[in-house]
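Working notes, structure below.
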Amino acid sequence: MNDETTKIVVVGGTIAGMIATIAAAEKGAHVTLGSCVPLARSSDTTFKDGIAAVVYPEAYGDSTAQHVRDTLAAEGAGVDEVCVQRMCERAPGFIRFLTRAGALFNRTSEGDLEQHSAPGHTQPRIARVDDATGSHVVRILEEQIRRFEARGRVERKEYVVPLSLVFDEEDRCRGVVIMQRTNHACMALKADAVILATRRYAGLYGNAPYTPHGLVIDDAQMTTQKGLFAAGSCAQGYYGEHALDGNVMAAHLVGGAYAGESACLYVAGLTTHADDLGSSLFERASDREEKFNKEIMNRTEGENPYIVAADLSDVVEKGACDEGELNALEERAGKTAIPDQLSWWNDGLIVTRDLQNKIVLARMVAQNDLK
Amino acid sequence: MNYVHLKVRRQDTPEGLSYWEEFRVPYEPEMTVEHLLTCVQRDPVTADGLPTTPVAWECNCHEESCGACAMVINGRARLACGIVVEDLNEPITLEPMATFPVMRDLVVDRQSMSDAVAGLDAWTEFDGFRNGPIPTMTQATRDTCASLASCIMCGACCDACPQVSERSPYAGAFYIAYALLLNARLDSPTGRARRLDALRGPQGIVGCANVHNCDIVCPQGIPLATVNAQAQWQVMKHAVRSFFFG
């Protein structure tokens, strides 16, 4: 098949989403990257602890194997050895890439990268940009996205919220329905493969099993749902609850790019493409979401969804929430009415729709805590 | 109970007229402006007790690193998540940044900033993104670049500048800072000349009148007055060089 026809949709303008986009575009795919905020304003800008990678093994007597051992010792049960191995092996390549692309990692007096120490890492192996590594990495990745945009390889859609996934008759993921934050118009993006790299994955998951730490993925970073890949905080296995400094960003970079490449390989093996499927499947999916939006907007009597959302986050933050509390919140979430009838830049609609996702996630966290 | 007196300039749609609305928000110690707006979302009632709609604004990171929540607070462009009520005189007035088209309430369209930056070819070219060694860079160069690169594209410099308006093509101080960053960071001679030409163009330094408001309002503390002076010097050298050597 011709690479030109490979259509990939990445959901989430996160660090993982952006590197997945870059990796897939490098492989020749056409990638649509959807983000609910402008890429430069991703909340991944808040990553502060740097990127863990063994870039100078000779200098400190460090090795990839040692990075793997440190990670497994500290993060233990929550992680998958294959993912950790991949992260530690490939992370140095991303430090090289980011540096060449202009990332301003701290330098030694000789002009090499400064390697910072952190608890749990037996050797200094963290690259940082002062206390703003996240901001700088986001900027560099956005620049590279811009490079592919200028070549027509990537299309960015900002201020769009992902609502649901589209599956074909063979249960392969074929696209995603997005909503404009401005006028709430819904549209289905067709894709041969979809990569999820968003925190909003809970409401999107289809039938793929997932945990509070992300979707369950296979060795190609595909979820149990064919054609649906996961990266960043959507993908389980790369880091545990108490990740070592620098491991999270390393995992998002390595896992994101790997998801992008794996998705291209998967599409190369497909016999039918999203474009062959006709448009009715996609129209139906976006009509369904439009209808749901209208139903929410038409509710005039009910509780303010912002209050329910705040109560829900209080319950989740407090930890160890019980089934009864969540049931009560779920009932309230179903009976909200936005105190704003205007279908223009009305975040109340997004908050209302997110409530369901957040309750699903909160249940997962609660069940996990019980174990 | 103590209340914070809040005045918000509102506008429902890009074409709509703006109007003021006042709120009394229950005071909590060290609450930020963002926190005030969150309270209005949960209880959208004006100071006169009339029901209204929640105020729209943008916020993503809540810790001054994404630039989304820039707005005019008591007459000056700032980040709503970075300032607490104790540091502000009441009534606290919130307005959208006037330089940009209003989408709704305090949400403005800053696409013009991204478009200006895209015109600078703001990226590094690669043959393949995994290959190649780590280039060395001196600490001094890194530190200069890191200061320029701390820009979060919030648009405060554009709002504060009397020269940035729809009557002028001048992009604003962020544009000059980004061009200098790219030239300091990348060693591509062709790109460098093109960016200096861009800085010499109508979007660039000719628009700057050395008012230096940008320097005062920048939430990241980038020394934009110095940056603009450096840009003027670099552009002049570039102009003289290209006059003699083509």
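None of the figures in this text is laboratory data; all of them are computed from the coordinates on show. Predicted model, so just to flag it, every value in this text is computed and none were measured. Neighbour counts are summed over all protein chains in view; Cβ atoms, including those assigned to glycine, are modelled from backbone coordinates with ideal geometry.
P(r) tail for segment B:1-130, what percent of Cα pairs lie past 24 Å?
34
Could you calculate the FRET efficiency of A:T5 with A:R288 from 1/(1 + (r/R0)^6), where r is the beta carbon distance between them and R0 is 25 Å, rounded to 0.05?
0.40
Using the structure shown, select from A:K190/A:K294; A:K7/A:K27; A:K48/A:K318 the pairs with a Cα to Cα distance greater than 20 angstrom.
A:K190/A:K294; A:K48/A:K318
Mind putting together the pair-distance distribution for segment B:1-49? All Cα pairs, 10 Å bins, whole percent per bin, short to long.
Histogram of Cα-Cα distances, whole percents per bin: 24, 52, 20, 4.
Could you tell me what a quarter of the Cα convex hull surface of segment B:58-181 works out to, in nm² with one decimal place?
Computed as one quarter of the Cα hull surface, the answer is 10.4 nm².
With labels modelled as points extended 7 Å from the Cα through the Cβ direction, what inter-label distance (nm, one decimal) is found for B:W20 paired with A:A328?
Distance between label points: 4.2 nm.
Using Stokes-Einstein with the Kirkwood hydrodynamic radius over Cα pairs, what translational diffusion coefficient do you get for segment B:190-234 at 20 °C and a viscosity of 1.002 mPa s, in µm²/s rounded to a whole number?
190
What FRET efficiency do you get for A:A59 and A:T224 if R0 is 35 Å and r is their Cβ-Cβ distance, rounded to the nearest 0.05?
Calculated value: 0.25.
Subtract the Cα-Cα distance of A:K318 and A:A268 from 0.36 nm times their separation in residues, and report this length gain in nm to one decimal.
Value of the extension gain: 13.4 nm.
Give me P(r) over chain B, computed from all C-alpha to C-alpha distances, binned every 5 Å, as integer percentages.
Per 5 Å bin, starting at 0, the Cα pair percentages come out as 1, 6, 12, 15, 16, 13, 11, 9, 7, 5, 3, 1, 1, 0, 0.
Quick check: net charge around A:T46, other residues with Cβ under 15 Å of its Cβ, Lys/Arg +1 and Asp/Glu -1?
-3
With r as the distance between the Cβ atoms of A:N357 and A:A77 and R0 = 35 Å, compute the FRET efficiency 1/(1 + (r/R0)^6) and round to 0.05.
0.85
Mind pulling the angle between the C-alpha long axis of helix A:247-268 and the longest principal axis of chain A? Nearest 10 degrees, somewhere in 0 to 90.
For A:247-268 against chain A, the angle is about 70 degrees.
Using alpha-carbon pairs under 8 Å, 6+ residues apart, how would you state the relative contact order of chain B in percent?
The value is 16 percent.
5 Å is the cut-off here: which amide hydrogens, built 1.01 Å from N in the peptide plane, fall below it relative to B:T93, excluding neighbours closer than 5 in sequence?
Amide H to amide H, under 5 Å and 5 or more residues apart or across chains, B:T93 pairs with B:K7, B:N74.
Ordered by residue, what ³J(HN,Hα) values in Hz, to whole numbers, does segment A:62-78 give under the Karplus form 6.51 cos²θ - 1.76 cosθ + 1.60, where θ = phi - 60° and Gly and Pro are x?
8, 8, 4, 4, 5, 4, 4, 4, 4, 5, 5, 5, 8, 9, x, 5, x
Taking K and R as +1 and D and E as -1, what net charge do the other residues with C-beta under 9 Å from the C-beta of A:F282 add up to?
Around A:F282, the surrounding residues sum to +2.
Tell me the net charge near B:Q234. Cut-off is 13 Å between Cβ atoms, B:Q234 excluded, with +1 for each Lys or Arg and -1 for each Asp or Glu.
With Lys, Arg at +1 and Asp, Glu at -1, the neighbours total +4.
Over all directions, average the projected area of the Cα convex hull of chain A and note it in nm².
18.9
Counting pairwise Cα distances across segment B:116-246, what percent come out greater than 18 angstrom?
Of all Cα-Cα distances in segment B:116-246, 55 percent exceed 18 Å.
Which whole-number percent of Cα pairs in segment A:77-138 have a distance greater than 18 Å?
45
Only Lys, Arg, Asp and Glu count, each charged at its Cβ (+1, +1, -1, -1), so figure out the dipole size of segment A:28-70 about its Cα centre, rounded to 20 debye.
220
Against the longest alpha carbon principal axis of chain A, how many degrees, from 0 to 90 and to the nearest 10, is the axis of helix A:323-333 turned?
60
How much space per residue, in cubic angstrom, does the convex hull of the C-alpha atoms of segment A:232-355 take up?
Convex hull of Cα atoms, per residue: 183 Å³.
Tell me the angle of helix A:305-318 to the major Cα principal axis of chain A, expressed in degrees between 0 and 90 and rounded to the nearest ten.
40
Quick one: which residues, 5+ away or cross-chain, put their amide H under 5 Å from the amide H of A:R107? H built at 1.01 Å from N.
A:E114
If I model a spin label as a point 7 Å beyond the Cα along the Cα-Cβ vector, how far apart are those points for A:T300 and B:K237 in nm?
6.9
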